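The values are calculated or read from the model by the stated rules, or taken from the named source; none is laboratory data. The structure displayed is predicted, hence computed values, not measured ones. Here Cβ is always computed from backbone atoms with ideal geometry, including for glycine, and neighbour counts include all displayed protein chains. To get the accessible areas, we keep the full protein, side chains included, count just its heavy atoms, and leave off ligands, DNA and RNA. Shrake-Rupley method; radii C 1.70, N 1.55, O 1.52, S 1.80 Å.
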Amino acid sequence: MHQCEKVGVEFVDTAKHRYSNSVDLRITPEQLFDVFADANAWPRWAKVIRHVEWTSPLPPVVGTTRTVRMLGGLVGSEEFLVWEPHTQMAFRFNEASERSISAFAERYDVEPTAEGCRLTWTLALAVDGPGRHLMPISGVVSDLAFRWFLRRLRAYTDAKYR
């Protein structure tokens with residue numbers, strides 16, 4: 001594991017490499033945050049995630065930590081920068097197993113709708129080394145994967161709450 005830059009939530013809006021996608025869900029914001037707090041739910045819809053372990057007591061608050069193990073052996077030690085139940089959450093990597101990741105953060109914005117809620121998921125990162133030259137290509141592939149994850153989240157929450 002190596003140290004990542006301890007960016008603030010504003011990094012999500014200012015990073016050179018950022019991806020933002022939205023999905024309309026037929027669940028309440030409260031139900032969505034229950035899904036976010038459930039370590040076992042993440043691998044079911046975000047298929048790149050293999051295992052989530054909360055390393056701080058629940059319920060989550062600002063400063064809560066967890067470890068996420070992903071496809072390809074990537075491990076991230078995360079710290080929550082925002083946990084506003086039913087509205088917004090954000091976290092960053094404090095450490096990562098992949099040395100090329102110099103900074104990484106995600107923000108999840110939730111707005112109530114007439115039929116449930118709208119989730120906007122924004123991911124931002126800074127990459128060092130040779131990997132930075134591949135970002136134009138890998139970014140397109142990543143963005144497509146993030147859209148697929150959100151479709152899977154909708155299918156997961158539809159099945160869980162309907």
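Could you go through segment 93-109 and let me know if any residue there is part of a strand (DSSP E or B), within 12 Å of the chain's Cα centre (by Cα) and closer than 16 Å to M1 by Cβ.
yes
Would you please list the contacts, defined by Cβ atoms under 7 Å and residues six or more apart or on different chains, that run from a residue in segment 49-67 that is part of a loop (DSSP other than H, G, I, E, B) to a residue that is modelled with pLDDT of 95 or more and loosely packed, with under 15 Cβ neighbours inside 10 Å?
Within 7 Å, the pairs are T64/S56.
In segment 69-102, how many are open to solvent by 20 Å² or more (accessible area, probe 1.4 Å), in contact (Cβ under 8 Å) with a residue 40 or more places away in the chain and under 25 Å from I27 (Cβ atoms)?
Residues in segment 69-102 being open to solvent by 20 Å² or more (accessible area, probe 1.4 Å), in contact (Cβ under 8 Å) with a residue 40 or more places away in the chain and under 25 Å from I27 (Cβ atoms): 4 in total.
Whether any residue in segment 44-62 is touching a helix residue (DSSP H, G or I) at 6+ places or on another chain (Cβ under 6 Å), open to solvent by 30 Å² or more (accessible area, probe 1.4 Å) and polar (S, T, N, Q) is what I want to check.
no
State all residues of segment 1-28 that are part of a strand (DSSP E or B), surrounded by 13 or more Cβ atoms within 10 Å (Cβ to Cβ) and of a type outside the set (S, T, Y); if no residue qualifies, say none.
H17, R18, N21, V23, D24, L25
Select from segment 29-43 the residues that are touching a residue at least 60 places away in the same chain (Cβ under 8 Å) and part of a helix (DSSP H, G or I) and write down the one among them that is most open to solvent (accessible area, probe 1.4 Å).
Q31
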